[in-house]
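Asks: What follows is a single structure, and I will ask about it in a moment.
The values are calculated or read from the model by the stated rules, or taken from the named source; none is laboratory data. Owing to the predicted nature of the structure, the values given are computational and were not obtained by experimental measurement. All Cβ positions, even for glycine, are placed from backbone atoms using ideal geometry, and neighbour counts span all protein chains on display.
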Amino acid sequence: MRFELGISTNRDDLFWVINRSDRIVRVVAVGHRSEASPELDHHAAIVGDWRYLALGLGEGIMTSVHIGSAELWIDFVEFSDGSTWGPNEMKSRETVDAARAALQQTLLRFTKILRKRGPDALAASVGTVKIDPPSQLHDSKWKQDFDSTVESVRSDFERAMWDVSQQFESGAERSAALRRKFPDVAFHDFESWAKAQDWKTLLQGV
């Protein structure tokens with residue numbers, strides 16, 4: 001892994017983190033210390049969305065740190081085969097572990113609500129249902145990272161549900177507009193059309 005300086009803004013320095021290994025990187029954390037802002041000491045930034053990151057040889061991702069950071073380093077790297085590299089001085093590995101535990105617990109809780117009570121109950125409870133961490137003892141930083149990821153997953157779910165609802169509403173509006181424009185045309189919804197098809201014959205040879 002190595003750095004390449006990117007764009008400077010009035011708040012942050014943007015730079016590239018580039019994979020120079022021969023393996024795919026799925027997590028990378030950048031540690032930094034700041035003489036101008038001592039409160040940022042002992043801080044590491046997980047670069048990108050670790051849930052979806054996959055950097056091949058020569059590929060990079062842009063990240064940022066606050067201006068004034070006097071020291072930067074790759075604190076932790078996890079490869080796609082599960083092996084790791086780096087000093088982990090900022091406990092970046094523990095941060096990732098807490099985030100993964102939060103993601104797993106949150107999805108299990110949401111899935112349980114969906115199966116037992118249905119989608120409407122899930123939609124109503126996404127923002128309020130309590131997500132407890134695993135029973136193992138962890139320090140306050142681990143719990144903070146756990147809670148932060150839970151809130152991030154909640155936001156992702158709420159945004160996704162809003163997008164779906166907007167698509168349904170816009171689809172209904174387009175359907176109504178078409179019916180008004182072409183009153184003599186017999187429209188069918190997808191469900192009615194699908195039920196009327198001879199799927200056994202249509203799927204022969206597929």
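Asks: From the residues in region 84-95 that are surrounded by 22 or more Cβ atoms within 10 Å (Cβ to Cβ) and not small (Gly, Ala, Ser), which one is farthest from the chain's Cα centre (by Cα)?
Replies: MET90
Asks: Can you tell me how many residues within region 119-132 are surrounded by 11 or more Cβ atoms within 10 Å (Cβ to Cβ) and either assigned to a loop (DSSP other than H, G, I, E, B) or not assigned by TED's automatic domain parsing to the domain that holds ARG159 (or both)?
Replies: Residues in region 119-132 being surrounded by 11 or more Cβ atoms within 10 Å (Cβ to Cβ) and either assigned to a loop (DSSP other than H, G, I, E, B) or not assigned by TED's automatic domain parsing to the domain that holds ARG159 (or both): 4 in total.
Asks: Can you name the residue in region 105-118 that is surrounded by 13 or more Cβ atoms within 10 Å (Cβ to Cβ) and free of Cβ contacts under 8 Å to residues at least 40 places away in the same chain and is also nearest to MET90 (Cα to Cα) among such residues? Even if it seems obvious, please write down each step before you answer.
Replies: Pass one, region 105-118, residues surrounded by 13 or more Cβ atoms within 10 Å (Cβ to Cβ): 105-107, 109-110, 113-114.
Among the residues that remain, those that are also free of Cβ contacts under 8 Å to residues at least 40 places away in the same chain are: 109, 113-114.
Working: ARG109: 30, ILE113: 36, LEU114: 37 Å.
Among those that are surrounded by 13 or more Cβ atoms within 10 Å (Cβ to Cβ) and free of Cβ contacts under 8 Å to residues at least 40 places away in the same chain, it is ARG109.
Asks: Among the listed residues ASP41, ASP22, identify the single one that is at pLDDT below 85 and either assigned by TED's automatic domain parsing to the domain that holds LEU107 or not small (Gly, Ala, Ser) (or both).
Replies: ASP41
Asks: I want to confirm something. Restricting to region 140-160 and keeping residues that are closer than 16 Å to THR128 by Cβ and in contact with a helix residue (DSSP H, G or I) (Cβ under 8 Å, 6 or more places away or on another chain), which single residue is surrounded by the fewest Cβ atoms within 10 Å (Cβ to Cβ)?
Replies: The extreme case among them is ASP147.
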